[in-house]
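The values are calculated or read from the model by the stated rules, or taken from the named source; none is laboratory data. The structure presented is a predicted model; accordingly, all values stated were derived computationally and were not measured. Ideal geometry is used to build each Cβ from the backbone, glycine not excepted, and the neighbour counts take in all protein chains shown.
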Amino acid sequence: MTPVRVAIVEDHGLVRAGLRTSLESAGMRVVAEAADGVTAFDAIAQAKPDVAVIDLGLPGKDGIALTREVKALTDAPRVVILTMQELDEEVLAALSAGADAYCVKSSDPGVVIDAIRTVAAGGAYFDPRIAHVVLRRLSGSPNRPESSPLTPRETEILKLIADGIGNAEIGERLHIGLGTVKGHVADILDKLSASDRAQAAVTAYRRGLIP
């Protein structure tokens, strides 16, 4: 399988290096890097990556403007936005500019990797930590709750999933074993007909199963 070709646009060198290491360990190929929005456009236009990972808070030109310009390219890459904020007008503006996914920087690197793989395959990705909040903003108001197929424990775990908490930490917080957590997560995905944790969080919000 051909590795996903990725461009990283991030002004903090340590964050950029850590992300590059994580992506390469996941079998992806980093073909371009940039530390500001001005040089990033030329780097992306020349390298023609499959996916561009773009930080919102860039010097010279912010991630929103860069996303809009990148999406106007003939061979436009898919765009994954990184943000420090769990809800911000800039995030909504970035989606309007054509971003295909967004992730909170403080989330596990696996979230970014999942986002890249999802958008590279033609999908869209919402970090579970902010997906339900953004959906509420876009819809104007929370959905009316419906009867839940989940047990109280599964609902408790789903709320933690929506907050971006991993299985191991969920187990520690609830004082249950990792295997038990995984079993509950599998049941949640099955009951909500969700393919992954992010989709489960979005589905639960849409149905009013979690606040």
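The criterion of at least 1 residues that are at pLDDT 90 or above and acidic (Asp, Glu) is met, among helices (runs of 4 or more DSSP H) falling completely within the range 153-210, by 167-174, 178-191.
Taking the criterion of being part of a helix (DSSP H, G or I) and in contact (Cβ under 8 Å) with a residue 12 or more places away in the chain, the residues of the range 1-38 that qualify are Gly13, Val15, Arg16, Gly18, Leu19, Arg20, Ser22, Leu23, Gly37, Val38. Take the conditions out of contact with any helix residue (DSSP H, G or I) (no Cβ under 6 Å at 6 or more places or on another chain), at pLDDT 95 or above and not in a loop (DSSP other than H, G, I, E, B) and apply them to Ala43. Does it pass? Yes, satisfied.
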